[in-house]
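A short write-up of the structure that comes next.
What follows draws every value from the coordinates through simple rules; no lab data is involved. All of these numbers come straight from a predicted model, not from anything done at the bench. Neighbour counts run over all protein chains shown; Cβ positions are idealised from the backbone, glycine included.
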Amino acid sequence: MLAMQAEAAPARAGHTPTESLDQLLADIRARHAEFTTLRHVPRDIIDRLKQQGVYRAATPVCFGGSGMSPSDFLALVERISQADGSVGWVASFGSASVYLAALPKATQAQMYRDSPDLVFAGGLFPIQPATPVDGGYMVNGTWKFASGCKGADLLGVGIGTGTPGQPGGKPRTAVLPPNQVDIIDNWDVMGLCGTGSHDLKVTSQFVSEDWTFIRGGESNIDEPLYRYPTIAYAAQVLAVVNLGIARAAIEEITNMAGGRVAITGAPKLADRSYVRIEVAKAEARLRAARGFFYDITGEVYASILAGNAVTPEQVAALRLAAVDAARAGDWVVQQMYGLAGTTAIYNSHPLQRYLRDAAVVRQHAFLGEGIYDGAGAVALGVPPMPGFL
């Protein structure tokens, strides 16, 4: 059974990579243990991802972005995730400029002044109160889950901007340079160890009003990508990591299947009917989830290109496809791990890593059980939970 892989997006004029995507992915596969030990993706990999266009994919075309469609970007992240889930997760934040587009256009011009290849990371929760001052906010607090923060060019933190005891409207994100933020090195987890999702701490830093935005707020860029639903896209770029990990797990079992007879004398994997059956079931489940995922992505984007407004039903379908992809990928990896038997219990075995990484993807709040409730509510014509749309 053949894996479905996306080709690398063509390089933008004047931006030729120094290596092929295949070469980069081969090095990523060879260095996964390094990423786990470091507990972050090192800067040289981030720089090479920039060369592949990952971090200009969502930069506005007017500021040098590549104009990559959501489907093409998701397929690129999927392919990177097939090599390493942590690197795919960090690469997924190449989509961040979609919600950074809610910054004032003058701020964006300054942000992209030196390069369109901008790496943004953020610890948005828990929302911390910020003190309104003349021209902006005084920001203090600690935030969790800042994936990719050690390789970021800019960092964001979630702030509430109302006066104490008074409603402050929707939470905002304050954008700061890395030298104004302390990284608390505390990412010690079972899977996606290389994402470097450490805590961020900010102490008495002034952030101008022009460097804050509402995540999911109205875009100040008039290009099709910025009409695509931002929160749904944020869920999709994470969910697609599990499609890549699941493909890697099936390939691992395929590679093992023709190997030696087991030490117990049992026949090799390919000669066992139950293994063949379960691999076929996994292939069907993965392709079904992947088909739904990319079909609805392409459908919504084509509708946007045709000039149509995005509907609640389309947002719900995108979010449903994301949670289904994350869970399908996790299920496939579990099945492949089970087929490998005792061989896979060693920490050095790839399926051990795939099992842990896929489980962590599924745990993300954007991909939880409540998403089914939101999608079902829209389908049945009742209000979904706040924030779903």
Explain nothing, just compute: Karplus ³J(HN,Hα) = 6.51 cos²θ - 1.76 cosθ + 1.60, θ = phi - 60°, for every residue of region 131-142 in order, whole Hz, x for Gly and Pro. 8, x, 10, 4, x, x, 9, 9, 10, 9, x, 10
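Given a Förster distance of 35 angstrom, what is the FRET efficiency for Ser303 paired with Gln363, based on the Cβ-Cβ distance and rounded to 0.05?
Using R0 = 35 Å, I get an efficiency of 0.65.
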Checked against the positive end of the charge dipole of the chain (+1 on Cβ of Lys and Arg, -1 on Cβ of Asp and Glu, about the Cα centre), the farthest of Gln110, Ala246, Val382 is Ala246
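Nothing charged except the Cβ atoms of Lys and Arg (+1) and of Asp and Glu (-1): what's the magnitude of the dipole of the chain about its Cα centre? Round to the nearest 20 debye. Numbers along the way, then the final one.
On the way: 32 positive and 36 negative charges, 135 e Å.
Using Cβ point charges on Lys, Arg, Asp and Glu, the chain gives about 640 debye.
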On a straight-distance basis, which aspartates and glutamates could pair with Lys144 in a cross-link, Cα separation under 13 angstrom, same-chain partners fewer than 8 positions away excluded? Asp182, Asp185, Asp188, Asp199
Towards the positive end of the charge dipole of the chain, with charges on Cβ (+1 Lys, Arg; -1 Asp, Glu), say which of Ser71, Asn140, Pro177 has the farthest Cα. Ser71
Tell me, what HN-Hα J-couplings in whole Hz come from the Karplus equation 6.51 cos²θ - 1.76 cosθ + 1.60 at θ = phi - 60° for each residue of region 54-66, using x for Gly and Pro? 4, 9, 10, 4, 10, 5, x, 4, 5, 10, x, x, 8
Can you order the peptides 92-98, 127-133, 355-361 by their average number of other Cβ atoms within 10 Å per residue, highest first? 92-98, 355-361, 127-133
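When the dipole is taken about the Cα centre of region 119-213, and only Lys, Arg (+1) and Asp, Glu (-1) are charged at their Cβ, what size is it in debye, to the nearest 20? Don't skip to the answer; put the middle values down first.
Numbers: 5 positive and 8 negative charges, 44 e Å.
So the dipole magnitude of region 119-213 works out to roughly 220 debye.
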Taking only the alpha carbons of region 228-379, the radius of gyration and the largest Cα-Cα distance, Dmax, both in angstrom, are 18.0, 63
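Taking 0.36 nm per residue of separation and subtracting the Cα-Cα distance, what length does fully extending Asp182 through Lys201 add?
Numbers: separation 19, 0.36 × 19 = 6.84 nm, distance 0.50 nm.
Length gained between Asp182 and Lys201: 6.3 nm.
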Between region 45-98 and region 292-326, what is the separation of their alpha carbon centroids in Å? 19
Using per-residue counts of other Cβ atoms within 10 Å, averaged over each peptide, order 239-248, 72-81, 306-315, 196-205 from highest down. 239-248, 72-81, 196-205, 306-315
Determine the calculated [θ] at 222 nm for the chain from helices alone, applying -39500 (n - 2.57) to every DSSP H run no shorter than 4 residues and normalising by the residue count; nearest 500 deg cm²/dmol. -14500 deg cm²/dmol
